[in-house]
Amino acid sequence: MLSDISLLVIEDNADDTFFLTKTLGRGARPSFVITVAPSVTEALVLMEELSFDLILVDLPLPPTSGFLALEQVAERAPGTPVVVITSDEHDNLRSSILAAGAQDCLIKGEIGGRNLARALLQAIERKKLQMVTVLHQSRLDAFFAGAPVAMGMVDSQFRFIKVNEVLARLQDIVPGLKAEICPLIENVIRTGRPHTSELHTASTAAPGVPGDWLVTYFPITPQVGNGITEIALIAVEITGQKAGSA
């Protein structure tokens, strides 16, 4: 059984409010439990007291006057999808609204019962996917930041697109590091196979001290699309182990 959708409608026009509540209450499944706030100020108060699955905002004309309010709503509830409904049909409006934090932009007069309910449900699903992506990215960032070894990602043009602190320190110590590893990265791009080799350069333990690193380069191939998009590298300093075995 589908759960009810808790919907906050920010609308100061009684006729539009009646239209929305009547439209969404006409056999929609799941059902929408609607709370109406006639102003953004009142909506922000309600958002402090209650939790909503979705927020529908009527953007006034001219739309620029409502962007600040839209940003306030989106900032107050970053995990809640916000959908804007407006009478403005300008082509460039949608991109501006999405940039301000909305999940979707609907045009009055172009939406009816099932279409409106479907658009709102799709906005909820898109927001869920977006939040999962954000969570995965935050975990990846934390993994990179906390790793005790050098880690990085290089694109097909041999540009570092992501490095952690250990690799950044190594780059500072060895200005020519990128030029030294480029032939190995090129080989991985050409063959599509991982490659592991030692790198004789400097140690991050102390400036000017020679160091040895065991570096593995491996291709990253996206699930969607073809070809290698990036090369990842993981470098572990083995200076101590090499000295102990000498």
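Worth a mention:
- Criterion applied to 102, 117 was being surrounded by 19 or more Cβ atoms within 10 Å (Cβ to Cβ) and more than 16 Å from residue 5 (Cβ to Cβ), and the one residue passing it is 102.
- Helices (runs of 4 or more DSSP H) lying entirely in the range 40-123 (those with 2 or more residues that are among the acidic types (Asp, Glu) and out of contact with any strand residue (DSSP E or B) (no Cβ under 7 Å at 6 or more places or on another chain)): 40-49, 64-76
- Every residue from the range 161-200 that is surrounded by 14 or more Cβ atoms within 10 Å (Cβ to Cβ) and either assigned to a loop (DSSP other than H, G, I, E, B) or at positive phi (or both): 164, 174
- Across the range 145-160, the qualifying residues are those that are modelled with pLDDT of 90 or more and either in a helix (DSSP H, G or I) or aliphatic (A, V, I, L, M) (or both), and the one among them that is surrounded by the fewest Cβ atoms within 10 Å (Cβ to Cβ) is 146.
- Residues that are within 26 Å of the chain's Cα centre (by Cα) and either at pLDDT below 90 or part of a helix (DSSP H, G or I) (or both) do occur in the range 212-221, at least one of them.
The values are calculated or read from the model by the stated rules, or taken from the named source; none is laboratory data. This one's a predicted model, so the numbers in the text were calculated from it and none came from an experiment. Don't worry about glycine lacking a Cβ; one is built from the backbone with ideal geometry, like all the others, and counts go over all protein chains shown.
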